[in-house]
Amino acid sequence: MTSIIQLLPDHVANQIAAGEVVQRPASVVKELIENAVDAKATDIKLVVKDAGKTLIQVIDNGQGMSVTDARLCFERHATSKIKHAEDLFAIHTKGFRGEALASIAAVAHVELKTKQDQEELGTHIIIEGSKVVAQEPIVHPKGTSFLVKNLFFNIPARRNFLKSDSIELRHVLDEFQRVALAHPNIAFTMLHNGVEVFQLPSTNLRQRIVNMFGGKTNEKLVPITENTDLVSIQGFVMKPEYAKKTRGEQFFFVNHRFIKSSYLHHAIMNAYEGLLKEAMHPGYFLYLEVPPHTIDINIHPTKTEIKFEEEQAIYAILRSAAKHSLGQFQIAPILDFERDPNLDTPYEYNRLDASIPQVDFNPQFNPFSNSESIKTSTGNTSFSTKRVPQESWESLYAGIPEISQEIIASIEEEPMISSLFSEEEPEESKQASYFQIQRKYVVSPIKSGLLVMHQNRAHQRILYEQLLEQMTQFNAVSQPLLFPVSVKLSVVETQMLQELQPVLHTLGFQLEFASNQEVLFHALPNHAEANQIEPLIQEVLHELELEQQKPGKQSEMIAKAMAKAMAIKTGKSLTNAEMDHLVHQLFACKEPHISPTQQMTFYKLEGQDLDKKFEL
Ligand code: ADP
Ligand code: MG
């Protein structure tokens, strides 16, 4: 028998390993920045070109490498971070597997420049597809610079697999943000295609979050601190009213390492129970410290998933800490966003017997008299000199929780949708009669029975078809705004929006990117209103995020998102004219039966169905 097993050459083994560690430019960014952090740098600069497809450079002022180490670092399983197997349970560094640089060097052109503080000269190494092309001494400041060019130059299949620049850049930004958030004491800079995207000075945690996500973030943060033997927790949860449609700003760090954990995420969602509107995602930045031996980081090559020894206890501590913080900051009163608290009957009052209301008036009151009597003792103008005893009116409000002015102010009125309906409506008398059920369904008798239409979904369908038409025929009517509306976004969101700009333009939007965290809207589509922009943009970004998982045209996605954001909502009462208009418009659509999200828009209750009911 002949033996057929052989050891793979190193460069092949490295390429296979690279498949796990280096999936896209963002993976390289993560590994290089983490190495810089491990090298105790206090200033780290990231430079990328074409979302990292052409070039990724990380420059640090850390401890640098000796001539030998500079050569060795590209070997597989070459690391300065652990020596023994037991070290795996006392990890204080980001890396320890010693495979990142070997993997990167196997699939790209890499250039390393490095110098240790005490040395006169540094080392310069060029390596391509695992082969050292050049090595020479150079003059270099203390620290290390890695330059990675032409990623996957030797694996065309992997290169073709990369997504558009904007999607790849989002991954890069994600990785950058994760490390930068984990280390607020390190200064970070990022440049993309020559433009500065982030400039983050060394600071504290709160300020780092604010610098990264924009000035407005500060007021959204609720601090958390909890110290137990098992775990200490620090960080912030975001006030529920700032929850978003997208899951963007959710971060867990364990021992300064970003991790993903659906289990811990669940603990936080549990703490928010009853505080969030449906399908809204709260932001959080949570930093957990646990003894290193109680976790296993080595269960995944990218080390973003870890195992906790005391998972359940940590869940409980995290949940109660978050709940406590949310409660302490008196966020609880805004439980029901849609309800008008003025309409609530106080519980105590509910149980009182009904009594005949007493008419209370002042028979001597003369509005034309100038006498002092119309002034109350406090100086307030009053129509009655006879003051109603305070307790009698105050008792009316017994049981109503005190609602601060601030909260009342924050309950926004529903936007008016009046502009949707043109002036040349037929007169009321000529219309069929409609009525609304639960401010959700529009009901109208038709020849064969009864039509029941879902107002929100029907309107989504109408808007969706209108928007698609505008996009293809470029006939959108744009309405310039006297004062531009500013929308603050994260850098990632701004980047996403930039990609959508041409499509948004065809719909009548005119936008200007004021900075990498602010967009100014100068004109809107005819039917959109200024106060709808923010939810509308959120909806569009949310859909774009989902779009990554499913195929579909960008224009359809935007039309869908906009229709969703602009459509008449459930809970809005409609006039007969509005209902009539809605029904007519729906049936002028190409596909009136379903909403853009494939849900039923109306239902016909046939006479025969009713007959059947009455047969019983
Ligand atoms: P790991 O980080 O798991 O040790 P890497 O392949 O990422 O493996 O790096 C190999 C070694 O190269 C590290 O252990 C470290 O000693 C050295 N190294 C890498 N990047 C730097 C850097 N920016 N500054 C100093 N040393 C570095
Ligand atoms: Mg490393």
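The values are calculated or read from the model by the stated rules, or taken from the named source; none is laboratory data. Keep in mind it's a predicted model, so treat the numbers as computed, not measured. Note that we place each Cβ from the backbone using ideal geometry, even for glycine, and neighbour counts take in every protein chain shown.
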Unique match (being among the polar types (S, T, N, Q) and closer than 27 Å to VAL47 by Cβ) among ASN227, ASN298, ASN270, ASN204 | ASN204
Starting from residues that are among the small types (Gly, Ala, Ser) and without any contact (Cβ under 8 Å) to a residue 24 or more places away in the chain, keep the ones in segment 128-183 and report whichever is nearest to ligand 1 (Cβ to nearest atom).
-> ALA134
Yes/no for THR93 being surrounded by 19 or more Cβ atoms within 10 Å (Cβ to Cβ), of a type in the set (Val, Ile, Thr) and within 11 Å of ligand 1 (Cβ to nearest atom) = no
Hey, could you check segment 44-63 for residues that are more than 6 Å from ligand 1 (Cβ to nearest atom) and not aliphatic (A, V, I, L, M) and say which is nearest to VAL148 (Cα to Cα)?
-> GLN57
With (1) in contact with a Phe, Trp or Tyr (Cβ under 8 Å, 6 or more places away or on another chain); (2) at pLDDT below 90 as the list, and MET453 as the residue in question, which single condition is left unmet?
-> (2)
In segment 245-265, the residues that are of a type in the set (D, E, K, R) and surrounded by fewer than 19 Cβ atoms within 10 Å (Cβ to Cβ) = ARG247, LYS260
Selected residue (criterion: farthest from ALA458 (Cα to Cα)) from residues of segment 562-616 that are of a type in the set (D, E, K, R) and either touching a Gly at 6+ places or on another chain (Cβ under 8 Å) or surrounded by 18 or more Cβ atoms within 10 Å (Cβ to Cβ) (or both) | ASP609
Within segment 42-95, work out how many residues are part of a loop (DSSP other than H, G, I, E, B), touching a residue at least 60 places away in the same chain (Cβ under 8 Å), within 15 Å of ligand 2 (Cβ to nearest atom) and hydrophobic (A, V, I, L, M, F, W, C).
-> 2
Mind listing whichever residues of segment 65-81 are near ligand 1 (Cβ under 8 Å from one of its atoms) and touching a helix residue (DSSP H, G or I) at 6+ places or on another chain (Cβ under 9 Å)?
-> MET65, CYS73, PHE74, ALA78, SER80, LYS81
Those residues of segment 96-126 which are within 16 Å of ligand 2 (Cβ to nearest atom) and part of a strand (DSSP E or B), in sequence order | VAL110, LEU112, THR114
Residue count, segment 549-561, condition touching a residue at least 40 places away in the same chain (Cβ under 8 Å) and either touching a strand residue (DSSP E or B) at 6+ places or on another chain (Cβ under 8 Å) or crowded, with 21+ Cβ neighbours inside 10 Å (or both), comes to 3
Taking segment 246-301, which residues are within 14 Å of ARG319 (Cα to Cα) and among the β-branched types (Val, Ile, Thr)?
-> ILE268
In segment 106-113, is there at least one residue being surrounded by 18 or more Cβ atoms within 10 Å (Cβ to Cβ), away from ligand 1 (no atom under 14 Å from the Cβ), closer than 21 Å to HIS11 by Cα and not aromatic (Phe, Trp, Tyr)?
-> yes
How many residues does segment 275-302 hold that are at pLDDT 90 or above, of a type in the set (A, V, I, L, M, F, W, C) and within 23 Å of ARG247 (Cβ to Cβ)?
-> 3
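A quick yes/no check of all residues on (1) under 21 Å from the mean Cα position of the chain (by Cα); (2) at pLDDT below 90:
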position: ASN160; (1), (2): no, yes
position: SER166; (1), (2): yes, yes
position: VAL172; (1), (2): yes, no
position: LEU181; (1), (2): yes, no
Does GLU34 satisfy the condition of being assigned to a helix (DSSP H, G or I), exposed (fewer than 15 other Cβ atoms within 10 Å of the Cβ) and either touching a Leu at 6+ places or on another chain (Cβ under 8 Å) or not aromatic (Phe, Trp, Tyr) (or both)?
-> no
Answer with yes or no whether LEU524 is over 17 Å from ALA279 (Cβ atoms), of a type in the set (A, V, I, L, M, F, W, C) and over 32 Å from the mean Cα position of the chain (by Cα).
-> no
Just a yes or no: is a residue in segment 9-16 in contact (Cβ under 8 Å) with a residue 24 or more places away in the chain, more than 26 Å from LEU181 (Cβ to Cβ), part of a helix (DSSP H, G or I) and within 13 Å of ligand 1 (Cβ to nearest atom)?
-> yes
